[in-house]
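Here is the structure we will look at, set down as structure tokens.
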Amino acid sequence: MADKVNLSNGNPAAANKYRTHLTIKSVQNKEQVEHTVDADVYCKGNHIFIRYEEPILTAEEDRSQAVKRRSSSVDTAEEQVTSAPVTNVMLKLSANEWKLTRRGVVESEMSFTPNMRLNGYYRSPALRFPLVTDTKQWTRRDQAVEQNGVIAHLPEYVAWAYDLYIEDDCVGQFALALTFDWSSTTEREQ
């Protein structure tokens, strides 16, 4: 087992930043979508922050979505998808609550705690409304990750299922599962 050492050349925060591959499986009302993205993982106090760019659908994955976004210009559907604005996603893992925040053209915030209803919101240029999540299940498994002589306990698998409400109406049942590939871990550059 490796000794704990400071990787940061005098900056303790630098040793708490990692880059990894993240596989995201999303299920909405029994329809499943899967993507793999690069993610930054930060450890700060008792919290773990996972940051990644929301995957943009390619024309092959969902041409119908591209056509829906098509404006009156002469751009092809594929050009519109690849030039779409980026949405940044941040998942904050704490002992008793997880918070998922999206920032971009669409902004939203949702919190999750087992067997609790928590308030959030959704905001886009056209719409704004409150959200409520009712978390049914959540699972987290950690893995000891060694990097340059430092061992950190980082998420290996994070999953949760919830009902989503707008006002008093349940608009769907959702599940997310994030699987981390620590075999390709690298320390983030400051």
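The values are calculated or read from the model by the stated rules, or taken from the named source; none is laboratory data. Everything quoted here is computed from the prediction, not taken from an experiment. Every residue, glycine as well, gets a Cβ built from its backbone with ideal geometry; the counts of neighbours run over all protein chains shown. Surface areas here come from the heavy atoms of the whole protein model, side chains and all, with no ligands, DNA or RNA. Shrake-Rupley method; radii C 1.70, N 1.55, O 1.52, S 1.80 Å.
Does Val145 qualify as being of a type in the set (Val, Ile, Thr) and open to solvent by 30 Å² or more (accessible area, probe 1.4 Å)? Step through it out loud before you land on a result.
Values: of a type in the set (Val, Ile, Thr): yes; open to solvent by 30 Å² or more (accessible area, probe 1.4 Å): no.
When the stated conditions are applied, Val145 does not pass them.
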Within the range 123-138, the residues that are part of a strand (DSSP E or B), over 19 Å from Val89 (Cβ atoms) and either among the acidic types (Asp, Glu) or open to solvent by 60 Å² or more (accessible area, probe 1.4 Å) (or both) are Arg128, Pro130, Asp134, Lys136, Gln137
For the range 93-122, give me each residue that is open to solvent by 70 Å² or more (accessible area, probe 1.4 Å), outside any loop (DSSP other than H, G, I, E, B) and within 19 Å of Glu53 (Cβ to Cβ). Arg103
Pairing a residue in the range 116-135 that is within 22 Å of Asn96 (Cα to Cα) and touching a residue at least 12 places away in the same chain (Cβ under 8 Å) with any residue that is among the aliphatic types (A, V, I, L, M) and part of a loop (DSSP other than H, G, I, E, B), where Cβ atoms lie under 7 Å and the two sit 6 or more apart in sequence or on different chains, gives Thr135/Met116
Only one residue in Ser26, Ser83, Ser73 is hydroxyl-bearing (Ser, Thr, Tyr), out of contact with any Cys (no Cβ under 9 Å at 6 or more places or on another chain) and either more than 30 Å from Gly172 (Cα to Cα) or at pLDDT below 50 (or both). Which one? Ser73
With the requirement that a residue be closer than 27 Å to Asn16 by Cβ and surrounded by 18 or more Cβ atoms within 10 Å (Cβ to Cβ), what does the range 151-163 give you? Ala152, Leu154, Pro155, Val158, Trp160
